[in-house]
Amino acid sequence: YSKDASNGSVSLSNISYADSESQLQQDTANDEDDRGQWGNKAEFVLSCIGLSVGLGNVWRFPYLAYEHGGAAFLIAYIILQLLIGKPMYFMELVMGQYSGSGPTKVWRMNPAAKGVGISMCIISVIVAIYYNIIMAYTLLFFFSSMQATLPWTQCAEEWVTAYNCVTTRSMSLSKCTDNITTNFMMGSCSCT
């Protein structure tokens, strides 16, 4: 670069288009070197399965299928999964691989879908909080079950009054005959 003292202009005659093009290619090559890649297809497939199949699929899906009609629900679910779910999932994978960016940046390709990436992140945070609460309850009951006297075998005062909880000691077994079993939670007898 040179500066002309008489008129104060700056000349960039030494920088050419070829130099900037080679610099761009070098920067792109450096970016690709930093980008991680899967060792093989099995790693990619297992990663996708791990991100797609979670506690909700294993724990909640059978419940929802049972509540909404069993086989009829499964048929509708499979059809919608094939027509909408899988193509959307594949599109998301392709967009992420093509752009090399995360969910907040990849959706900027389409101005109408700018908020999709941010909403995906917000939903992920909400689901993570929900699953953490479930796991906290699981750990609480797991460690509580290792006590000598299990906490749920006795009725605390707040349970006795609010939920009519009755222990085996306080229940009069004389109300029930041999053909009737005792429902200890509600304090009543039921036929078997």
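Residues in the range 121-137 carry Karplus couplings, in order, of 5, 5, 4, 4, 5, 4, 5, 5, 5, 4, 5, 5, 5, 4, 5, 5, 4 Hz; the curve used is 6.51 cos²θ - 1.76 cosθ + 1.60 with θ = phi - 60°, and Gly or Pro positions show x.
Computed 3J(HN,Hα) for the range 76-87, one whole-Hz value per residue from the Karplus formula 6.51 cos²θ - 1.76 cosθ + 1.60 where θ = phi - 60°, is 4, 4, 5, 4, 5, 4, 6, 7, 10, x, 5, x, glycine and proline marked x.
Laboratory data are not the source of any read-out in this text; all were calculated from the coordinates shown. All of these numbers come straight from a predicted model, not from anything done at the bench.
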